[in-house]
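Heads up, the thing below is written out as structure tokens.
The values are calculated or read from the model by the stated rules, or taken from the named source; none is laboratory data. Computed from a prediction, not measured in an experiment: that's the story for all the values here. Here Cβ is always computed from backbone atoms with ideal geometry, including for glycine, and neighbour counts include all displayed protein chains. Note: accessible area is taken over every heavy atom of the protein model, side chains too, but ligands, DNA and RNA are not part of it. Shrake-Rupley method; radii C 1.70, N 1.55, O 1.52, S 1.80 Å.
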Amino acid sequence: MQINVIQAGKNQPQSFQGQNVIIIGGSSGIGLATARRAKDAGANLFLISRNSQRLGEAAKAIGGATQIVSDIAAPRPDIFAGIDRIDHLLITAGTVQLQPLKDQSEADLLQVMNERLIGPLLAIKIALPLLHAASSITLTSRQFASRPAAGGAVVAAAVAAVESAARALAIELSPTRVNAVSPGWVDTPLLDGLMGDAKRQVLEQTASILPSRNIGAPDDIAQAILFLMANRFVTGEALHVDGGGRWV
Ligand SMILES: NC(=O)c1ccc[n+]([C@@H]2O[C@H](COP(=O)([O-])OP(=O)(O)OC[C@H]3O[C@@H](n4cnc5c(N)ncnc54)[C@H](OP(=O)(O)O)[C@@H]3O)[C@@H](O)[C@H]2O)c1
């Protein structure tokens, strides 16, 4: 039996030629790997983070990018000054400190919410005049949204809210698409701070129990992010790239 398929349009081959890709958190780890992939695909890169020296090193490493210093927890009103059009916005900036609730002050809790949720929403608000029908926004969640860890209550709440916000914004900002990527354990500088000298051992042990039997590399997540940016039929999605970590 022949099946009729409606082909109102086609996804274009994954080219970012001449497109403006803005990455908040682009100087390291997942953001830097995404920048590298987008640059290789022809994009104009704009990297945003807090430290100008690290931004400079990242821009050099990928062969050139515009660098903007801003803290996502309190984005500068002129964060996108000089950018005339946003084709793809990735917000991947973030830090993680796991701490029991009893040791966290109100200021600690608010800092996590500002960095993970309120700041990204404010950045999107500032970006609104620069977005167009074919733009995409990708937010970053974490596996903690569905698989909790002790010491991570506020992070878990914030990233679950990020996934919810992506769904709501996909409706509100339509036809601009809004998605979230939710990485599992990925070997980046973030984990050096979190695990210190135990990192190698912890990652090997984690890999041995993951269904994928490996830890993520930054480029595994970058590949998924470019998919979310490029596929015109994906919106309001939280894409889990976690080696199956939610199920063990
Ligand atoms: N690695 C993992 O296993 C993993 C797993 C799940 C989710 N994630 C999430 O993925 C995102 C990226 O993580 P990563 O592993 O790539 O980390 P990373 O290597 O430490 O990179 C983080 C990037 O964000 C920037 N940044 C951090 N805080 C910022 C702030 N307040 N304002 C602006 N920029 C900021 C950093 O630059 P500066 O410090 O110079 O500002 C850097 O460019 C984070 O949200 C993280 O929670 C990571």
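Comparing the range 9-137 with the 2.2 N^0.38 Å rule of thumb, its C-alpha radius of gyration ratio is 1.12 (two decimals). Counted residue by residue at 0.36 nm each, then reduced by the alpha carbon distance between them, the extension gain from residue 110 to residue 167 reaches 18.2 nm. If R0 equals 22 Å, the separation of the Cβ atoms of residue 17 and residue 78 corresponds to a calculated FRET efficiency of about 0.20. Stretching the chain fully between residue 52 and residue 85 yields a gain of 9.6 nm (0.36 nm per residue, less the alpha carbon separation). Mean projection of the Cα convex hull over all viewing directions, computed for the range 196-240: 4.3 nm². Show me, bin by bin at 5 Å from 0, the whole-percent P(r) of the range 108-154 based on Cα pairs. Calculated P(r), rounded to whole percents: 5, 16, 22, 21, 14, 10, 7, 3, 0. With all protein chains kept in place, the per residue accessible area of the chain amounts to 51 square angstrom at a probe of 1.4 angstrom. Estimated from the Cβ-Cβ distance and a Förster radius of 41 angstrom, the FRET efficiency linking residue 199 and residue 174 is about 0.50. Dimensions of the chain based on its C-alpha atoms, expressed as ranges along the principal axes with the largest first, amount to 55, 52, 35 Å.
Length available on full extension from residue 206 to residue 98: 0.36 nm per residue minus the Cα-Cα distance, which gives 37.1 nm.
Among the DSSP helices (H) of the chain, those spanning at least 20 angstrom by Cα along their long axis with an average Kyte-Doolittle hydropathy of -1.0 or more are 153-172; this is a geometric and hydropathy rule only. Dipole check for the chain: with +1 at the C-beta of Lys and Arg, -1 at the C-beta of Asp and Glu, and the Cα centre as origin, the magnitude is about 420 Debye. How large is the helix-only mean residue ellipticity at 222 nm for the chain, computed as the sum of -39500 (n - 2.57) over DSSP H runs with n ≥ 4, divided by its residue count, in deg cm²/dmol to the nearest 500? When only DSSP H runs of four or more count, the value is -11000 deg cm²/dmol.
Note on the range 122-184: Rg/Rh from C-alpha atoms, Kirkwood Rh, equals 1.05. From zero up to wherever the largest Cα-Cα distance of the range 122-248 sits, split into 10 Å bins and tell me the percent of pairs in each. The calculated distribution, bin by bin, is 12, 39, 32, 14, 2. Apolar share of the accessible surface for the range 14-114: 48 percent from carbon plus sulfur atoms, 1.4 Å probe. By the Kirkwood approach, averaging reciprocal distances over each pair of separate Cα atoms, the range 74-133 gets a hydrodynamic radius of 13.3 Å.
Each of 231, 152, 83 was placed along the dipole of the chain (beta-carbon charges, centred on the mean Cα), and the one lying farthest toward the positive end is 231. Modelled label positions at residue 190 and residue 147, each set 7 Å beyond Cα in the direction of Cβ, lie 1.5 nm from each other. Split the accessible area of the range 134-248 by element, probe 1.4 Å, and carbon with sulfur accounts for 55%.
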